[in-house]
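Asker: Below you will find the structure I want to go over with you.
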Amino acid sequence: MEKNPVNMLAEVSQRIREMREVSGISVDEMALKTEVSVEQYLTYEKGEADLPFTFIHKCSLAFGIEMTELLEGSGARLSSYTVTRRGGGAETAKEDGIEIRNLAPMFRSKLAEPYFVTYEYSAKQQTEPIHMTKHSGQEFDLILSGKLKVQVGEHTEVLSEGDSIYYNSSTPHGMIAIDGEACQFLAVVMSGEDKPGEQEISQTISSAGRREKLVAEDFVKTVENENGAPESVEFVNADRFNFAFDIVDALAAKNPDGLAMLHLDHLKNERRFTFADMKRASSQCANYFTSLGIKRGDKVMLVLKRHYQFWFSILGLHKLGAVVIPATNLLKEHDFEYRFNAAEVSAIICADDGDLADEIDRACERCPGVRAKVLAGGRRDGWHDFDSEYKLFSGKYERTEDSPCGDDPMLMFFTSGTTGYPKIAEHTYKYPLGHFVTAKYWHCVEAGKLHFTISDTGWGKALWGKLYGQWMCEGSVFTYDFDRFHAADILPLFKKYGITTFCAPPTMYRMMIKEDLTKYDLSSVHKATTAGEALNPEVFRQIEAMTGLRVMEGFGQTETTLTIANLTGNSYKLGSMGKPTPAYDIALVDPDGNPVPLGETGEVVVRTDRNIPCGLFSGYYKDEEKTREVWHDGMYHTGDLAWMDEDGFFWYVGRADDVIKSSGYRIGPFEIESVIMELPYVLECGVSAAPDEVRGQVVKASIVLTKGTEGTEELKKEIQEYVKTNTAPYKYPRIVEFRTELPKTISGKIQRNKL
């Protein structure tokens, strides 16, 4: 007699609950072990939802028992052999057109679990992303009839009768029947045990149509190809969008106990903030700042390093409509004076960090427009005490019809150019929407999992990776508030906290390589990305050799969100910038604005004649002339040069101002830097132009050598010959200069004009 499915569900759920209680495992721990949210776990344990096969499998691993015991209520007894006749076996799962039968349910202490699996054909699934899941161990699938499309990580295979696949089942994977008929296959699952302390603090990847809708999808609509790569993106309701209300407060309603941020202070003391915490604290800050006289349209500078108060403050300012200006703690008195006056700053909130407040006070003596000064993490005469004062205010701040949104100004960034005073790029409330693509398809942030972008909040890159896109994907932000970057200090954190996605600038990847990445467990990381400067191919190679990770490069500016990148689901070429993201219409043009042929260098521009994407700046604050210099004739000119190959991949050349014109040749410095960086004794390299009476300009290489390497004339010749051999000979550096350090901007970019 067939078992009643409802009764069976209740019985299995009861067994799971009993085993958990007997084993002394908390609900939170089981949620971690089964890689679902606490809320979802309780739904399963109470028998309120069908139990997925992978969930039962992970429960059995957590309890150290066989699935049979959870499904049948008794353990397997046979130990010599067992036979299962055609059509027999124990039904393990039957849902959504999938039937799984265990072919050896009564054999105990199995080294592997054999299953007969039937996937029914679904027309709907053909147009949706494949549902992905994962479990520990390895799996072997042999196709018996029909056709099966299988995705393992970013790879997709179509299997026919007689074909087989073997894969690491801890890699996200999924499959569907194709070609209009059901597919039957033999699946052999070999269990592997997770090592204690290495479980991820997160949910499983959910890129399928069955996944729960993200709140951000009320504002961003994407169409993906069969590999999960975005083909198009559409922004809806953008004119009414306010990130603080529409994402943070919405997540507080949807998942109040969901982890928004895991924060470590400089002593590695942990703080965990939920979305409910963020809603309450940001509302308190909005009310607090209002009491200080800060109003809509006021310019407020935040100099808060990686202090958690930054997130409270920026969200509060977004709610009340003040314009936020992130700034670094590396600024000095004259830097603050220039910025206060140029941006018309009326309030500043800063960290109690060294002599930072002293520098600000001295600047304020000549900047009377700064009416309010707020100190976080300390007390000081003439300053408001953030930590004690904001808590006195209500945690409710209601949205009204007049609340800021859409095209209202929201952010101003001082650019980190290598020449002249920095410009002020202004962004609207639509800006965060552009970062949905950044987080979902480049960082590959997953709901409930930890993302770590290493930037501090003084740089625009922090808003690429520590706030907007990550929470729009409903992921958790990992923040370590260190004072100085030490690779050996940071690398152990990946294993300890189960960080899954990571982004850092090229300089920090180089420092990690010097620390020897093979000494650290980075197995939790499935996606590593970089931006800020081009990353030399040799660095890519070394990281992949040490960790197995391919670092995916992305390109964008202070004026934009992610514009060109190696996105998930797309093919990949080592050293390439990738391809344009679907939100931006990117072209390469000559100095006259005409498209350049394939393979030829051109300036990267954003076409805006047909559409202005969310994420592109609105202009330079109170500087129409400079805005017109870069944005005219329906194109925003980035000032960066690249070329495109026959497959549509972009390859970085350098800044237009950095191109070297020698004897009629145009030489991009980045290519030469990449070749020189291949030499094991080169730590850093900057290539620039040097004047020459005969050739106009010649290539000059300024090089920092590794410790213990002597910069001899013989070594100069060796470097020159190496470049001649590995590039066109005319590109070799006629001048090689060894230096102890290279001049850099405050953001760490090499200043080629000072080499």
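Asker: Being within 27 Å of the chain's Cα centre (by Cα) and among the aliphatic types (A, V, I, L, M) is the filter here, so list the residues in the stretch 31-53 that pass it.
Answerer: Of all residues in the stretch 31-53, those within 27 Å of the chain's Cα centre (by Cα) come to 31-41.
Matches in the stretch 31-53: ALA31, LEU32, VAL36, VAL38.
For (1) under 30 Å from ILE735 (Cα atoms); (2) in contact with a strand residue (DSSP E or B) (Cβ under 8 Å, 6 or more places away or on another chain); (3) surrounded by fewer than 21 Cβ atoms within 10 Å (Cβ to Cβ); (4) not basic (Lys, Arg), each residue gets a yes or a no:
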{"position": "TYR621", "(1), (2), (3), (4)": "no, yes, no, yes"}
{"position": "HIS637", "(1), (2), (3), (4)": "no, yes, yes, yes"}
{"position": "LEU641", "(1), (2), (3), (4)": "yes, yes, no, yes"}
{"position": "GLU678", "(1), (2), (3), (4)": "yes, no, yes, yes"}
{"position": "VAL687", "(1), (2), (3), (4)": "yes, yes, no, yes"}
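Asker: State all residues of the stretch 345-354 that are modelled with pLDDT of 95 or more and surrounded by fewer than 18 Cβ atoms within 10 Å (Cβ to Cβ); if no residue qualifies, say none. Explain how you work it out, then say what you get.
Answerer: Going through the stretch 345-354, the residues modelled with pLDDT of 95 or more turn out to be 345-352.
Matches in the stretch 345-354: ASP352 only.
Asker: Looking only at the stretch 326-345, decide whether some residue is closer than 24 Å to PHE436 by Cα and over 22 Å from the mean Cα position of the chain (by Cα).
Answerer: So the first thing to find is which residues in the stretch 326-345 are closer than 24 Å to PHE436 by Cα, and the list is 326-327.
Keeping just the survivors that are over 22 Å from the mean Cα position of the chain (by Cα) gives none.
No, the stretch 326-345 has no match at all.
Asker: Filter the stretch 508-546 for residues that are hydroxyl-bearing (Ser, Thr, Tyr), crowded, with 19+ Cβ neighbours inside 10 Å and part of a helix (DSSP H, G or I) and give the result. Let's see the steps before the verdict.
Answerer: From the stretch 508-546, those hydroxyl-bearing (Ser, Thr, Tyr) are 509, 518, 520, 523-524, 529-530; that's our starting set.
From what's left, crowded, with 19+ Cβ neighbours inside 10 Å: 509, 520, 524, 529-530.
Matches in the stretch 508-546: TYR509 only.
Asker: With respect to TRP643, determine if the residue is more than 30 Å from ASP239 (Cβ to Cβ) and among the hydrophobic types (A, V, I, L, M, F, W, C). Outline the logic, then answer.
Answerer: Values: more than 30 Å from ASP239 (Cβ to Cβ): yes; among the hydrophobic types (A, V, I, L, M, F, W, C): yes.
Yes.
Asker: From the list ASP402, ASP387, which residue is among the acidic types (Asp, Glu), surrounded by fewer than 22 Cβ atoms within 10 Å (Cβ to Cβ) and in contact (Cβ under 8 Å) with a residue 24 or more places away in the chain? Break it down stepwise before answering.
Answerer: Numbers: ASP402 fails: in contact (Cβ under 8 Å) with a residue 24 or more places away in the chain.
Just a single option satisfies the conditions, and that option is ASP387.
Asker: Also, I was wondering about something else. Could you go through the stretch 273-296 and let me know if any residue there is modelled with pLDDT under 95, out of contact with any strand residue (DSSP E or B) (no Cβ under 6 Å at 6 or more places or on another chain) and farther than 22 Å from LYS461 by Cα. Break it down into steps so the answer makes sense when it comes.
Answerer: So the first thing to find is which residues in the stretch 273-296 are modelled with pLDDT under 95, and the list is none.
No - not one qualifying residue is present in the stretch 273-296.
Every residue, every condition in (1) touching a Pro at 6+ places or on another chain (Cβ under 7 Å); (2) assigned to a helix (DSSP H, G or I); (3) closer than 29 Å to PRO422 by Cα, yes or no:
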{"position": "ILE703", "(1), (2), (3)": "no, no, yes"}
{"position": "THR709", "(1), (2), (3)": "no, no, no"}
{"position": "THR725", "(1), (2), (3)": "no, yes, no"}
{"position": "THR740", "(1), (2), (3)": "no, no, yes"}
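Asker: Any idea which of (1) more than 25 Å from TRP459 (Cα to Cα); (2) among the charged types (D, E, K, R); (3) out of contact with any Asp or Glu (no Cβ under 9 Å at 6 or more places or on another chain) is the one ASP585 doesn't satisfy?
Answerer: The one condition ASP585 does not meet is (3).
Asker: Does the stretch 299-343 hold any residues that are within 21 Å of PHE273 (Cα to Cα), of a type in the set (Gly, Ala, Ser) and out of contact with any strand residue (DSSP E or B) (no Cβ under 6 Å at 6 or more places or on another chain), and which are they?
Answerer: Hit for the stretch 299-343 is GLY316, nothing else.
Asker: LYS299 is checked against (1) over 29 Å from the mean Cα position of the chain (by Cα); (2) closer than 30 Å to LYS396 by Cα and fails just one. What number does that condition carry?
Answerer: Looking at each condition in turn, LYS299 falls short on (1).
Every residue, every condition in (1) free of Cβ contacts under 8 Å to residues at least 60 places away in the same chain; (2) over 19 Å from the mean Cα position of the chain (by Cα); (3) outside any strand (DSSP E or B), yes or no:
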| residue | (1), (2), (3) |
| --- | --- |
| LYS213 | yes, yes, yes |
| ALA216 | no, no, yes |
| GLY228 | no, no, yes |
| ASP239 | no, yes, yes |
| ILE247 | no, no, yes |
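Asker: Residue under question is THR581, and the condition is that it be within 25 Å of ASN225 (Cβ to Cβ) and touching a Leu at 6+ places or on another chain (Cβ under 6 Å); does it hold?
Answerer: Working: within 25 Å of ASN225 (Cβ to Cβ): yes; touching a Leu at 6+ places or on another chain (Cβ under 6 Å): yes.
It is true that THR581 is within 25 Å of ASN225 (Cβ to Cβ) and touching a Leu at 6+ places or on another chain (Cβ under 6 Å).
Asker: Which of the residues that make up the stretch 639-654 are in contact with a helix residue (DSSP H, G or I) (Cβ under 8 Å, 6 or more places away or on another chain) and at negative phi? Can you show your working first?
Answerer: So the first thing to find is which residues in the stretch 639-654 are in contact with a helix residue (DSSP H, G or I) (Cβ under 8 Å, 6 or more places away or on another chain), and the list is 639-641, 652-654.
Passing the criteria: ASP640, LEU641, TYR652, VAL653.
The values are calculated or read from the model by the stated rules, or taken from the named source; none is laboratory data. Bear in mind the structure is a predicted one, so any value in this text is a computation, not a measurement. With ideal geometry, Cβ positions are generated from the backbone for all residues, glycine too; neighbour counts draw on all protein chains shown.
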